[in-house]
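First comes the structure, then the notes that go with it.
The values are calculated or read from the model by the stated rules, or taken from the named source; none is laboratory data. Computed from a predicted model, the values in this text were never measured in an experiment. Don't worry about glycine lacking a Cβ; one is built from the backbone with ideal geometry, like all the others, and counts go over all protein chains shown. Ligands, DNA and RNA are excluded from the accessible area calculation, which covers all protein heavy atoms including side chains. Shrake-Rupley method; radii C 1.70, N 1.55, O 1.52, S 1.80 Å.
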Amino acid sequence: MQDKILKIAYDPIYAHPLPEGHRFPMLKYELIPAQLIHEGTITSANIFSPSICPDEVVLWTHEKDYLDRLHNQNLSPKEQRHIGFPQSPALTTRELMIAQGTIECCYYAMQNGVALNVAGGTHHAFADHGEGFCMLNDIAIAANYLLHKKLAKQVLIIDLDVHQGNGTAKLFEAENRVFTFSMHGEHNYPFHKEKSNLDLPLKDGMDDATYLTLLKETLPALIDKTEPDFAFYLSGVDILNTDRYGKLQVTPDGCKQRDEFIFTSLLQHNIPCAVSMGGGYSADVKIIVDAHCNTFRTAKDLYAL
């Protein structure tokens, strides 16, 4: 029997080059695995490079015309502005690898309880368009994959990024086998919110105690109600008090306690979990990286991997 090990999806293509001065902190994708290896939390054995998600699988979630335009570099300037990245063949390949990374994390999570993707959490991608630094919705693609392959009957998406998972909510609005839960800033992007199965809008300036109390009052009942056999966790660190866009006052310790509560709750119910990192826009990239690394450290400790 193979030893259990924390498996992490990562490839150097994740850190896609962007124009100088771009506000998206792409650098974090190479810094997160480097930091985890440097401190001894993981070794290179923990990391796997995903393959490219086949078009057939992407099309269970996204529309063919949109995927064709991504492949053929036919996005309009307006579409590129809405996404926030200039199109390129490498960027499309990156998105397909990140989506496949989340799918492959599902298999490792079924073996080991949890697996994490260094990128992903692209919850602003809709069936026919992208926006907000999201082109293909990795968690939606992976959830549809599990349903299509009959690997799960009921899926719970726990989206704790500070921005509402509007694309995810819209994609699954008519799918009873996927429950979408989004806990996000009330006055934050996207300014038009879609309707998740459960939305918890948060007031500006919310602190650790209020945030964690609300989460602890909500999640256990949600798990009891939905009885999922698989969970996706979008662990955005843009809830931090240092975040340029987040509007909340959650500390790094509060963010870590959030992760601990999610993992403990899922562990208690024996629900495998695939984690995507989501957003983080603190001015100091070290704060972003450390908060994301806490998610990996917490998973490794709690799952004893």
> Per 10 Å bin, what is the whole-percent P(r) computed from every C-alpha pair distance within region 62-139?
Replying inline: 20, 50, 21, 8, 0
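Using only alpha carbons, build the gyration tensor for region 81-182 and give me the equivalent ellipsoid semi-axes, biggest first, whole Å. Working shown, then result.
Values: eigenvalues 95, 55, 29 Å².
Computed over region 81-182, the values are 22, 17, 12 Å.
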> Can you pull the semi-axes for region 124-166, root of five times each eigenvalue of the Cα gyration tensor, sorted largest first, whole Å?
Replying inline: 21, 13, 6
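Please compute one quarter of the surface area of the Cα convex hull for region 200-277 and express it in square nanometres.
Values: hull surface 20.2 nm².
With the hull built on Cα positions only, its mean projection is 5.0 nm².
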> Quick one: with all protein chains in place, what share of the accessible area of region 104-148 is carbon or sulfur, to the nearest percent (1.4 Å probe)?
Replying inline: 50
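What is the percent carbon and sulfur in the accessible area of region 1-81, measuring with a 1.4 Å probe over the protein chains and ignoring ligands?
Details: 2400 of 4600 Å².
It is 52 percent, rounded to a whole number.
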>> Taking θ = phi - 60°, what integer Hz values does the Karplus form 6.51 cos²θ - 1.76 cosθ + 1.60 yield along region 286-292, in sequence order, with x for Gly and Pro?
In response: 4, 5, 4, 5, 5, 5, 5
> Can you list, bin by bin at 10 Å, the percent of alpha carbon pairs in the chain, starting at 0?
Replying inline: 6, 31, 39, 21, 3, 0
> For region 6-59, how big is the tail of P(r) above 16 Å, as a whole percent of Cα pairs?
Replying inline: 54
> Cα extents of region 233-292 along the three principal axes, largest first, in whole Å?
Replying inline: 37, 18, 18
>> Placing +1 on the Cβ of each Lys and Arg and -1 on the Cβ of each Asp and Glu in region 42-171, which of VAL114, ASN166, ASN137 has its Cα farthest towards the positive end of the resulting dipole?
In response: VAL114
> Taking one equal scatterer on every alpha-carbon of region 171-305, how large is log10 of I(q)/I(0) by Debye at q = 0.11, 0.15 1/Å?
Replying inline: -0.39, -0.75
> Using modelled amide H (1.01 Å from N, peptide plane; none on Pro or chain starts), what sits under 5 Å from the amide H of PHE179, excluding residues fewer than 5 places away?
Replying inline: VAL155, LEU156, ILE157
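I'd like to compare 9-21, 174-186, 272-284: which one has the highest average count of other Cβ atoms within 10 Å, and what's the full order after that? Before the final figure, lay out each step's value.
Details: 9-21: 15.9, 174-186: 19.9, 272-284: 23.4.
Most protected by this proxy first, the peptides run 272-284, 174-186, 9-21.
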> Which trypsin sites (Lys or Arg not before Pro) in region 1-50 pass both tests, a DSSP loop state and at most 13 other beta-carbon atoms within 10 Å?
Replying inline: LYS4, ARG23
>> Spelling out what I want: for every residue of region 251-257, take phi, set θ = phi - 60°, compute 6.51 cos²θ - 1.76 cosθ + 1.60 (Karplus), and round to whole Hz; glycine and proline get x.
In response: 7, x, 5, x, 5, 5, 4
> Averaged per residue, what accessible surface does the chain expose to a 1.4 Å probe, in Å²?
Replying inline: 41
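If you take the alpha carbon radius of gyration of region 1-149 and divide it by 2.2 N^0.38 Å, what ratio comes out, to two decimals?
Working: Rg = 15.6 Å, N = 149, 2.2 N^0.38 = 14.7 Å.
Normalised by 2.2 N^0.38 Å, the Cα Rg of region 1-149 equals 1.06.
Could you list, in their original order, any pairs among LYS203/LYS256; LYS170/LYS300; LYS195/LYS247; LYS78/LYS170; LYS7/LYS170 whose Cα atoms are separated by more than 24 Å?
Working: LYS203/LYS256 20 Å; LYS170/LYS300 33 Å; LYS195/LYS247 21 Å; LYS78/LYS170 21 Å; LYS7/LYS170 30 Å.
Checking Cα-Cα distances, LYS170/LYS300; LYS7/LYS170 exceed 24 Å.
By average Cβ neighbour count within 10 Å, what is the ranking of 219-225, 141-147 from highest down? Mind dumping the intermediate values first?
Values: 219-225: 14.0, 141-147: 24.7.
So the order, starting with the most tightly packed, is 141-147, 219-225.
Starting from the Kirkwood Rh over alpha-carbon pairs, what translational D in µm² s⁻¹ does region 166-240 have by Stokes-Einstein at 20 °C and 1.002 mPa s?
On the way: Rh = 13.5 Å.
Reported coefficient: 158 µm²/s.
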> By average Cβ neighbour count within 10 Å, what is the ranking of 44-54, 286-296, 121-131 from highest down?
Replying inline: 121-131, 286-296, 44-54
>> With bins 10 Å wide starting at 0, give me the P(r) of region 143-191 over every alpha carbon pair, in whole percents.
In response: 27, 47, 21, 5
>> From the helices alone, meaning DSSP H stretches of at least four residues, give me the mean residue ellipticity at 222 nm for the chain, per-run term -39500 (n - 2.57), in deg cm²/dmol to the nearest 500.
In response: -13000 deg cm²/dmol
